[in-house]
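The values are calculated or read from the model by the stated rules, or taken from the named source; none is laboratory data. Keep in mind that this is a model prediction, so the values were computed, not measured. Quick reminder, even Gly has a Cβ in these numbers, built from the backbone with ideal geometry, and neighbours come from all protein chains shown.
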Amino acid sequence: MKIMETAEKYTYSKYAALGDANDGVKYELIDGVVYLMSPGASQPHQEISGELFRQISNFLISKPCKVFHAPFDVCLNAKGDDDVTTVQPDILVVCDKTKLDGKRCNGAPDLIIEIISPSNRRYDMQLKFNAYLKAGVREYWIIDPDDKTAHVFILQNGVYTVNVYDENGAIPVFVLEGCIVDLKSVFDNVG
C-alpha cells in the first residue's frame, strides 16, 4: 500500500473529493492518512470474494441484515466530515440499518471480511486490524488465498479472540446466528 505524502490529516470530505478527481483510483483513510489501494483484484481474489458474498447473501434473504462488497465506504467513527477513518472492505455485513445512509456505512459494521494479497498483507493484518478493533467491529475475517485459511477474530471484552480455519473448514458466523460459511466451496473453485 502506498501512502499519499501529506503533512495534513484528511477529513472524510477531502477523502471523498480524491475519488471524484482521480478516475476510478481507490483510496482508504485511516487516522487521517490516505492510503492508495492496489489497482484491480486478481482472479482468485474475485472468485473468493464472490463465493463468500454468495453464501452470506443467500443466508440473509428475508433477514434484516445487509451484505455489501467493495467498493463501499465505511466511515468507522461515524463523525460525519470529521471522520478520519474510512475503509472499503472486501465484504461487510450491517445489521443496524440506521448506519446506512444510501451512500455508505456510518459506524462499525457487524462483520468485515478482507482477502489478503502479498501487497496488502501487513496493511490488513496490522493497520486495518487495529482500526477495526478500535471502532468495535464485532467480527473480522482475514482470508488468505495462498495458504487457504481464514483467521476469524471475534470481539470480546474489548479484545479480539482468534480461530483459524483451513480450506476444509466451516465457519459459524458469530454475528449471524445459524449462518455457516463452507470454506471448501470458497477455495475449491479458485484458479
Mind checking whether some residue in the range 176-186 is out of contact with any strand residue (DSSP E or B) (no Cβ under 7 Å at 6 or more places or on another chain), farther than 30 Å from residue 16 by Cα and without any contact (Cβ under 8 Å) to a residue 12 or more places away in the chain? yes
Among the numbered criteria (1) part of a loop (DSSP other than H, G, I, E, B); (2) touching a strand residue (DSSP E or B) at 6+ places or on another chain (Cβ under 9 Å); (3) surrounded by fewer than 16 Cβ atoms within 10 Å (Cβ to Cβ), which one does residue 71 miss? (2)
Single unsatisfied condition, residue 114 versus (1) closer than 17 Å to residue 180 by Cα; (2) part of a strand (DSSP E or B); (3) not small (Gly, Ala, Ser): (1)
Just the residues that are of a type in the set (Gly, Ala, Ser), farther than 16 Å from residue 87 by Cβ and either under 16 Å from the mean Cα position of the chain (by Cα) or crowded, with 18+ Cβ neighbours inside 10 Å (or both), please, taken from the range 122-168. 150
If you take the residues in the range 85-111 that are assigned to a strand (DSSP E or B) and either of a type in the set (Gly, Ala, Ser) or under 19 Å from residue 152 (Cβ atoms) (or both), which one is modelled with the lowest pLDDT? 87
